[in-house]
């Protein structure tokens with residue numbers, strides 16, 4: 001999409017089609033001849049992997065909807081029937097359930113990749129923001145989908161999450177009743193959650209289209225963070241990256257299949273095989289693993305509204321990340337201080353996930369002697385999470401001295417990622 | 001050749017007015033069409049009609065608690081023992097995290113004394129006779145934790161009444177929040193004694 005099209009229709013039919021609907025030209029320019037930086041590593045394959053994840057979820061989801069009954073009296077039994085009686089239902093539901101976890105695994109890799117290589121920086125701010133929108137939609141879809149089997153975790157998860165909106169002053173109660181369609185989570189709620197769960201993947205597909213469009217205007221970022229300058233910096237997308245992405249997708253699908261066939265329930269909760277009971281809350285309710293860090297942030301605040309605000313702020317801050325990072329250097333490969341803070345940030349996210357999975361007053365293993373329970377642990381990591389975005393990244397741009405960068409992508413490839421020889425590199429390269 | 005209906009005349013024209021008026025009507029119409037699509041998600045008429053629930057008190061023994069559904073929300077009905085009432089009554093309201101009674105039978109700013117929380121505040125239908133002791137020992141509260149809606153566990157927590165397993169809120173024998181993240185006391189629904197042994201919620 002960037003630069004003039006190189007597509008030349010070869011047959012009479014494609015010439016006829018090209019002058020009426022240039023769809024083959026669009027595909028050619030986007031996925032065949034599209035100039036791609038020649039130094040992309042395997043961290044750059046998660047975009048393709050995520051596209052596959054979305055397709056898997058949509059296809060398995062459409063099939064499951066043929067057998068699922070969105071009614072509180074039948075939902076739980078219909079899911080059991082899919083598992084036990086529907087031909088290959090056990091397989092298709094496993095793929096869909098495991099697929100949600102694999103989707104989030106891939107999206108977290110993709111997001112961390114973008115944060116490390118500075119892919120959110122100019123001119124890719126819109127690309128980044130669209131990505132955060134997709135991430136938000138994914139969380140909504142995952143939450144709504146988790147309610148559908150109508151087990152105990154489904155029901156009480158729905159109860160807790162919808163009650164978050166009850167923390168809003170004045171409009172809290174009307175908003176929660178509007179979400180429920182009643183005075184509590186009930187049949188109306190299940191029905192609408194099913195409808196919206198079916199809708200959101202198609203919204204995601206639409207935003208993915210915009211995401212790819214916004215990617216193809218400036219082109220891919222790359223591990224050096226240096227912009228493409230000449231044709232020698234790039235390779236055509238096909239066959240170089242179709243094959244690289246394809247290999248990564250195959251490896252990913254092997255891991256995926258490992259979960260589906262050997263550990264389909266390992267990421268779920270046994271309590272969800274008890275049918276929803278509005279009178280009994282399970283002894284411990286926790287969200288799915290991919291939402292645990294936000295759950296820990298919610299619990300880190302002793303005030304109900306404050307916790308809800310901070311949890312949403314943890315996602316909201318991602319939207320303004322392009323303007324919080326003040327460094328002129330994109331890739332942290334050349335940012336000796338930022339890469340350490342980023343490493344701690346990844347550890348903090350994992351630690352928050354751990355804190356979210358444990359009871360707040362349990363002692364952290366190894367730190368119990370110091371009186372550190374998971375509540376304090378979660379609070380410290382929450383502070384670091386926000387400090388990374390709001391203090392560290394804004395200040396680093398002023399205090400950090402970036403290491404020398406290669407003059408071009410081509411040179412970085414030919415020199416094995418060593419910085420340019422003395423005198424060859426321009427002293428400062430704005431926005432690179 | 002200029003007349004007042006062409007832009008060459010300068011300033012506002014009849015056509016500008018038509019454009020603005022048409023666009024405004026389209027915007028208002030569009031906004032009006034959105035409302036039914038938002039409001040359809042609010043509780044429907046049949047849901048709202050689930051107005052009242054009657055509780056038979058004759059089956060309750062002292063110290064016993066049952067959980068019932070009222071307006072599709074679980075509620076605790078507890079016939080408290082004398083010592084539980086005494087424990088609750090001895091608490092200073094000023095020491096409570098939430099000092100309001102949260103009782104639909106009282107004003108919004110009634111203080112959270114135990115008398116203001118118990119069925120002493122229930123209306124009594126004409127001709128019904130019921131003892132103060134029974135009314136004082138009867139407690140009916142919502143069973144949805146005011147934090148995020150879980151059902152607290154009976155007989156657990158530091159105050160001998162309810163403990164919410166989700167995020168660790170402790171409630172006392174008056175259903176008042178004492179410790180933990182929940183911001184408010186468990187709310188009390190509108191109550192009426194319609195006979196000596198029947199309490200109507202709603």
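Kindly indicate the residue of the range B:16-45 that is modelled with pLDDT under 90 and assigned to a loop (DSSP other than H, G, I, E, B) and also farthest from residue A:176 (Cα to Cα) among those meeting that condition.
B:44
Restricting attention to the range A:272-314, which residues are assigned to a helix (DSSP H, G or I) and within 7 Å of chain B (Cβ to nearest Cβ)?
A:299, A:304
When residue A:285 is evaluated against the numbered criteria (1) under 26 Å from residue A:102 (Cα atoms); (2) crowded, with 20+ Cβ neighbours inside 10 Å; (3) modelled with pLDDT of 95 or more, which criterion, by number, is the only one it fails?
In the conditions (1) under 26 Å from residue A:102 (Cα atoms); (2) crowded, with 20+ Cβ neighbours inside 10 Å; (3) modelled with pLDDT of 95 or more, residue A:285 misses (3) alone.
Taking residue A:355 and the conditions (1) in contact (Cβ under 8 Å) with a residue 12 or more places away in the chain; (2) more than 23 Å from residue A:291 (Cβ to Cβ); (3) not in a loop (DSSP other than H, G, I, E, B), which numbered condition does it fall short on, given that it satisfies the others?
Evaluating residue A:355 over (1) in contact (Cβ under 8 Å) with a residue 12 or more places away in the chain; (2) more than 23 Å from residue A:291 (Cβ to Cβ); (3) not in a loop (DSSP other than H, G, I, E, B) leaves (2) as the failure.
When the range A:358-376 is examined, which residues are found to be under 11 Å from residue A:299 (Cα atoms) and away from chain B (no Cβ under 14 Å)?
A:376
Look through the range A:262-271, keep the residues that are in contact (Cβ under 8 Å) with a residue 12 or more places away in the chain and away from chain B (no Cβ under 13 Å), and return whichever of them is nearest to the chain's Cα centre (by Cα).
Residue satisfying both the conditions and the ranking: A:267.
Report every pair of residues separated by at least 6 positions or lying on different chains whose Cβ atoms are under 7 Å apart, first residue within the range A:174-198 and facing chain B (nearest Cβ under 7 Å) and in contact (Cβ under 8 Å) with a residue 60 or more places away in the chain, second in a helix (DSSP H, G or I) and crowded, with 21+ Cβ neighbours inside 10 Å.
Hits for this filter: A:186/A:180.
Any idea which of A:36, A:14, A:60 is assigned to a helix (DSSP H, G or I) and either touching a residue at least 40 places away in the same chain (Cβ under 8 Å) or outside the structural domain of residue A:203 (by TED's automatic domain parsing) (or both)?
Testing whether each residue is assigned to a helix (DSSP H, G or I) and either touching a residue at least 40 places away in the same chain (Cβ under 8 Å) or outside the structural domain of residue A:203 (by TED's automatic domain parsing) (or both) leaves just A:14.
Read through the list (1) more than 14 Å from every other protein chain (Cβ to nearest Cβ); (2) in contact (Cβ under 8 Å) with a residue 12 or more places away in the chain, then give the number of the only condition that residue A:254 fails.
Result: residue A:254 passes all but (2).
Look at residue A:343 and say whether it is under 17 Å from the mean Cα position of the chain (by Cα), modelled with pLDDT of 95 or more and at negative phi.
no
Can residue A:406 be described as surrounded by 20 or more Cβ atoms within 10 Å (Cβ to Cβ) and not in a helix (DSSP H, G or I)?
Taking the combined requirement at face value, the residue satisfies it.
Keeping to the range A:63-82, report how many residues are touching a helix residue (DSSP H, G or I) at 6+ places or on another chain (Cβ under 9 Å), over 30 Å from residue A:134 (Cβ atoms) and not in a loop (DSSP other than H, G, I, E, B).
Final tally of qualifying residues: 3.
For residue B:123, all conditions in the list (1) under 30 Å from residue A:182 (Cβ atoms); (2) more than 14 Å from chain A (Cβ to nearest Cβ); (3) touching a strand residue (DSSP E or B) at 6+ places or on another chain (Cβ under 9 Å); (4) free of Cβ contacts under 8 Å to residues at least 24 places away in the same chain hold save one; what is the number of the exception?
Among (1) under 30 Å from residue A:182 (Cβ atoms); (2) more than 14 Å from chain A (Cβ to nearest Cβ); (3) touching a strand residue (DSSP E or B) at 6+ places or on another chain (Cβ under 9 Å); (4) free of Cβ contacts under 8 Å to residues at least 24 places away in the same chain, residue B:123 violates only (4).
For the range A:148-173, which residues satisfy the criterion of being facing chain B (nearest Cβ under 7 Å) and under 24 Å from residue B:49 (Cα atoms)?
Of everything in the range A:148-173, those that are facing chain B (nearest Cβ under 7 Å) and under 24 Å from residue B:49 (Cα atoms) turn out to be A:159, A:163.
Please go through the range B:166-202 and pick out each residue that is at positive phi and within 14 Å of another protein chain (Cβ to nearest Cβ).
The answer is B:168, B:180, B:202.
Say we look at the range B:46-78 and pick out the residues that are touching a helix residue (DSSP H, G or I) at 6+ places or on another chain (Cβ under 9 Å) and over 22 Å from residue B:164 (Cβ atoms); which of these is nearest to the other protein chains (Cβ to nearest Cβ)?
B:47
Can residue B:137 be described as under 17 Å from the mean Cα position of the chain (by Cα), modelled with pLDDT under 90 and away from chain A (no Cβ under 14 Å)?
For residue B:137, the condition - under 17 Å from the mean Cα position of the chain (by Cα), modelled with pLDDT under 90 and away from chain A (no Cβ under 14 Å) - is not met.
Using the structure shown, decide if residue A:241 is touching a strand residue (DSSP E or B) at 6+ places or on another chain (Cβ under 6 Å), part of a helix (DSSP H, G or I) and touching a residue at least 40 places away in the same chain (Cβ under 8 Å).
So residue A:241 passes the test.
Which condition breaks for residue B:157 when tested against (1) within 14 Å of chain A (Cβ to nearest Cβ); (2) closer than 25 Å to residue B:202 by Cβ; (3) surrounded by fewer than 23 Cβ atoms within 10 Å (Cβ to Cβ)?
Evaluating residue B:157 over (1) within 14 Å of chain A (Cβ to nearest Cβ); (2) closer than 25 Å to residue B:202 by Cβ; (3) surrounded by fewer than 23 Cβ atoms within 10 Å (Cβ to Cβ) leaves (2) as the failure.
Give the number of residues within the range B:57-88 that are farther than 22 Å from residue B:171 by Cα and more than 22 Å from the chain's Cα centre (by Cα).
Total satisfying the criteria: 3.
What do you reckon, is residue A:147 without any contact (Cβ under 8 Å) to a residue 60 or more places away in the chain and in contact with a helix residue (DSSP H, G or I) (Cβ under 9 Å, 6 or more places away or on another chain)?
Against the criterion (without any contact (Cβ under 8 Å) to a residue 60 or more places away in the chain and in contact with a helix residue (DSSP H, G or I) (Cβ under 9 Å, 6 or more places away or on another chain)), residue A:147 qualifies.
Inside the range B:46-137, counting only strands (runs of 3 or more DSSP E) that do not spill past its ends, which hold 3 or more residues that are assigned by TED's automatic domain parsing to the domain that holds residue B:160 and buried (at least 18 other Cβ atoms within 10 Å of the Cβ)?
Output list reads B:73-79.
For the list (1) away from chain B (no Cβ under 14 Å); (2) in contact (Cβ under 8 Å) with a residue 60 or more places away in the chain; (3) under 20 Å from the mean Cα position of the chain (by Cα), I need the number of the one condition that residue A:350 fails.
With (1) away from chain B (no Cβ under 14 Å); (2) in contact (Cβ under 8 Å) with a residue 60 or more places away in the chain; (3) under 20 Å from the mean Cα position of the chain (by Cα) applied to residue A:350, the lone miss is (2).
The values are calculated or read from the model by the stated rules, or taken from the named source; none is laboratory data. Owing to the predicted nature of the structure, the values given are computational and were not obtained by experimental measurement. Positions of Cβ are generated from backbone atoms using ideal geometry, with glycine treated the same way; all protein chains shown enter the neighbour counts.
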